[in-house]
Amino acid sequence: MNPVTQTWPDDFAARYRAEGLWTGETFPAMLRDRAARFAGRTAVSGPGARWNYAELLERAEALARGLLARGLTPGDRVLVQMSNVPEYLSATFGLFLAGLLPVFALPAHRRVELEHLARGAQVRAILTERRIAGHDHAAMAEALAADLPDLAHVLICETGGGEGLAALSSGAAELPADPDPQAVAFLQISGGSTGLSKLIPRTHDDYLYSVRESAVISGLSPASVYLTVLPVSHNFTMSSPGVLGVLHAGGHVVMAPDPRPETGFRLIAEEGVTITALVPPLALKWIETAERLRPEIGSLEVLLVGGAKFLPEAARRVRPVLGCTLQQVFGMAEGLVNYTRLDDPEEVIVTTQGRPISALDEVRVVDDLDGDVPEGAPGNLLTRGPYTIRAYHDAPEANARSFTEDGFYRTGDVVRRLPSGHLEVQGRATDHINRAGEKISAEEVEDHLLAHPEVLDAVVVSIPDSQLGERICAFVLPGEGQAPRPAELRRFIRGRQIAAFKIPDEIRLVESLGTTAVGKINRRALRAALRKSYMDEEEQA
Ligand code: AMP
Ligand code: DBH
């Protein structure tokens with residue numbers, strides 16, 4: 001089995017430790033400590049469950065013993081596909097306590113994405129729920145395991161009134177000693193700006209530093225009650241400050257069963273929620289619904305918004321309508337996270353995407369030749385720091401593309417840096433689509449279209465969208481025979497077993513894709529030209 005590592009050069013690691021950023025804390029030690037300090041306080045609640053810190057630890061330990069008793073071995077990787085249920089936390093910490101490495105998939109992922117992650121991380125087990133939002137995840141996991149010899153264990157959490165993880169939690173295996181804090185704790189996934197997602201190994205030391213600081217920056221304390229609205233395994237929801245930040249602070253995590261504003265408002269009132277996090281399109285929906293319903297949400301103190309650009313006009317409405325402080329967050333699963341601070345002037349809060357967590361986060365804004373642009377001018381964001389990875393797992397080509405020789409991560413984002421250090425996201429240099437915070441690789445969707453026998457070529461672009469921020473438009477050049485209809489193409493793509501958020505919102509059949517030669521040559525220019533022609537047409541209409 002290919003080992004999973006993440007290392008910083010010795011002098012950097014020494015500095016992060018010497019300055020007290022990397023403290024040697026690990027996830028197992030964190031949970032044990034919080035269970036001792038906050039034993040009787042509520043850690044997590046959700047449909048049908050409410051556990052205090054002592055119970056969360058007890059459940060996590062029982063699962064850890066059970067998994068090791070089944071033959072999993074510390075160091076094994078486990079694909080985790082779970083929704084916003086309390087068992088997500090007992091499962092994740094159970095894996096940490098057993099020395100197993102979670103690989104976090106999203107509930108929307110289907111066979112193609114799961115197989116890619118399972119192969120890439122050489123997972124030995126998949127842990128999922130029987131059904132999530134009506135889809136049969138148990139069957140999908142069984143089918144995957146049948147095709148992947150390394151994937152020996154299908155582990156089902158019986159949520160929705162069932163017994164949860166109980167059946168997996170019987171066994172008396174001994175738990176391993178605490179891990180090395182510099183070891184990889186889990187694999188997060190990238191949004192996949194080119195092709196399929198890449199695996200992001202994060203260590204105990206680096207991730208817990210970002211979690212600990214994020215909790216401070218968002219003002220968390222044991223009195224905090226955090227509502228989990230976005231998918232819990234997304235890096236934003238997990239760590240910015242997310243469910244891990246809340247547990248780190250001794251607060252209470254509330255799992256929302258769905259992202260609807262009505263559900264959110266009800267839970268805020270019932271549980272006294274003080275903080276939550278949304279992507280911009282959802283934040284807009286919450287604002288519009290609140291204007292209409294005037295809900296009782298006086299306990300809400302902070303709303304984090306991130307994942308995609310939150311426009312100032314929308315941002316300005318948060319305080320008057322929802323009655324709380326907006327905290328913009330611009331982050332990435334690869335590392336760097338920026339926040340507006342709770343006491344920043346309102347103008348900074350509504351017009352910027354925040355400044356880095358750490359004084360040791362290095363930020364460069366450069367032109368296409370990696371030369372620094374003048375202060376305040378837009379340019380490509382490069383970053384290096386105490387919780388930004390130096391490499392993806394097992395991906396030499398992506399690593400050569402995504403990191404400079406001196407270890408800066410090329411974020412692909414175009415930003416402007418203000419004298420205060422706050423960043424304003426201007427756009428991006430890569431061709432992915434940011435659809436309501438979900439990042440979709442144009443190339444990946446093109447490849448699915450090209451698999452259709454009647455498609456000669458396809459070009460996928462992002463189109464600005466008032467609801468989603470961006471939507472997916474595919475330009476399709478049919479082959480010689482009968483041209484497929486857009487509805488048929490959409491059905492075809494749906495049948496490819498990929499996440500539904502990748503299905504084009506709009507498909508346009510074209511007679512030519514312009515002057516650029518068909519094929520993979522200069523795709524970027526082709527995408528830009530087609531996007532421009534679409535926008536020009538829209539303007540005239
Ligand atoms: P990923 O690398 O898949 O975790 O996605 C991170 C990317 O999401 C960033 O590089 C940005 O392109 C985008 N992103 C996240 N937060 C924001 C934000 N507040 N404003 C604009 N873009 C954002
Ligand atoms: O979009 C993201 O990936 C993201 C957004 C906000 C993120 O990873 C984060 C905060 O940590």
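The figures follow:
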quantity	calculated
Residue check for SER190: polar (S, T, N, Q) and either closer than 14 Å to ALA333 by Cα or assigned by TED's automatic domain parsing to the domain that holds GLU334 (or both)	yes
Subset tally (residues that are open to solvent by 10 Å² or more (accessible area, probe 1.4 Å) and within 16 Å of ligand 2 (Cβ to nearest atom)) for the stretch 236-266	3
Count of the stretch 498-519 residues which are at pLDDT 95 or above and either farther than 14 Å from HIS452 by Cβ or part of a loop (DSSP other than H, G, I, E, B) (or both)	10
Check on GLY495, open to solvent by 20 Å² or more (accessible area, probe 1.4 Å), out of contact with any helix residue (DSSP H, G or I) (no Cβ under 7 Å at 6 or more places or on another chain), more than 26 Å from GLY307 (Cα to Cα) and at pLDDT 95 or above	yes
Looking only at the stretch 415-428, and only at residues there that are open to solvent by less than 30 Å² (accessible area, probe 1.4 Å) and at negative phi, the one that is nearest to ligand 1 (Cβ to nearest atom)	VAL425
Meets criteria (more than 25 Å from the chain's Cα centre (by Cα), open to solvent by less than 40 Å² (accessible area, probe 1.4 Å) and outside the structural domain of TYR387 (by TED's automatic domain parsing)) for LEU67	yes
Unmet requirement for LEU282, which otherwise passes all of (1) more than 16 Å from ligand 1 (Cβ to nearest atom); (2) surrounded by fewer than 23 Cβ atoms within 10 Å (Cβ to Cβ); (3) aliphatic (A, V, I, L, M)	(1)
Residue among GLU397, GLU454, GLU446 that alone is surrounded by fewer than 17 Cβ atoms within 10 Å (Cβ to Cβ), more than 18 Å from the chain's Cα centre (by Cα) and not assigned by TED's automatic domain parsing to the domain that holds PRO281	GLU454
Neighbours by Cβ (under 9 Å, 6+ apart or cross-chain): first from the stretch 160-182, under 29 Å from PRO386 (Cα atoms); second open to solvent by 40 Å² or more (accessible area, probe 1.4 Å) and in a loop (DSSP other than H, G, I, E, B)	PRO176/PRO74; PRO179/PRO74; PRO181/THR23; GLN182/THR7
Number of the condition not met by GLY242 [criteria: (1) within 16 Å of ligand 1 (Cβ to nearest atom); (2) in the same structural domain as SER45 (by TED's automatic domain parsing)]	(2)
Single match in TYR16, TYR88 (criterion: open to solvent by less than 20 Å² (accessible area, probe 1.4 Å), of a type in the set (Ser, Thr, Tyr) and not assigned by TED's automatic domain parsing to the domain that holds SER170)	TYR16
Residues of the stretch 117-131 that turn out to be assigned to a strand (DSSP E or B) and crowded, with 20+ Cβ neighbours inside 10 Å, as a count	5
The stretch 340-359 residues that are in the same structural domain as GLY323 (by TED's automatic domain parsing), paired with ones that are more than 16 Å from ligand 2 (Cβ to nearest atom) (beta carbon under 6 Å, 6 or more apart)	LEU342/GLY219; LEU342/THR325; VAL350/PRO312; VAL350/ARG316; THR351/PRO312; ARG355/GLY421
All positions within the stretch 19-49 that are more than 28 Å from VAL123 (Cβ to Cβ), charged (D, E, K, R) and open to solvent by 80 Å² or more (accessible area, probe 1.4 Å)	GLU19, ARG37, ARG41
Pairs, first closer than 30 Å to GLN426 by Cβ and open to solvent by less than 10 Å² (accessible area, probe 1.4 Å) in the stretch 295-307, second of a type in the set (Phe, Trp, Tyr) and within 16 Å of ligand 1 (Cβ to nearest atom), C-beta under 9 Å, six or more apart	LEU304/PHE236; LEU304/TYR339; GLY306/PHE236; GLY306/PHE330; GLY306/TYR339
Among (1) more than 20 Å from the chain's Cα centre (by Cα); (2) surrounded by fewer than 24 Cβ atoms within 10 Å (Cβ to Cβ); (3) modelled with pLDDT of 95 or more - the single one MET1 does not satisfy	(3)
Test: residue in the stretch 500-523 that is open to solvent by less than 60 Å² (accessible area, probe 1.4 Å) and within 16 Å of ligand 1 (Cβ to nearest atom)	yes
Identity of the residue in the stretch 319-342, β-branched (Val, Ile, Thr) and within 16 Å of ligand 2 (Cβ to nearest atom), that ends up surrounded by the fewest Cβ atoms within 10 Å (Cβ to Cβ)	VAL329
Failed criterion for THR73 (all others in (1) more than 29 Å from VAL123 (Cα to Cα); (2) surrounded by fewer than 16 Cβ atoms within 10 Å (Cβ to Cβ) hold)	(1)
The stretch 167-221, residues that are within 16 Å of ligand 1 (Cβ to nearest atom), of a type outside the set (A, V, I, L, M, F, W, C) and open to solvent by 10 Å² or more (accessible area, probe 1.4 Å)	GLY191, SER193, THR194, GLY195, SER197, LYS198
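One line per residue, one yes/no per condition, for (1) within 11 Å of ligand 1 (Cβ to nearest atom); (2) out of contact with any His (no Cβ under 6 Å at 6 or more places or on another chain); (3) in a strand (DSSP E or B):
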site: GLY376; (1), (2), (3): no, yes, no
site: THR383; (1), (2), (3): yes, yes, yes
site: ILE389; (1), (2), (3): yes, yes, no
site: ASN399; (1), (2), (3): no, yes, no
site: ASP406; (1), (2), (3): no, yes, no
site: THR430; (1), (2), (3): yes, yes, no
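The values are calculated or read from the model by the stated rules, or taken from the named source; none is laboratory data. A quick note: this is a predicted structure, and the numbers were derived from the prediction, not measured. Please note: Cβ atoms are built from the backbone with ideal geometry, for glycine as well, and neighbour counts cover all protein chains shown. Note: accessible area is taken over every heavy atom of the protein model, side chains too, but ligands, DNA and RNA are not part of it. Shrake-Rupley method; radii C 1.70, N 1.55, O 1.52, S 1.80 Å.
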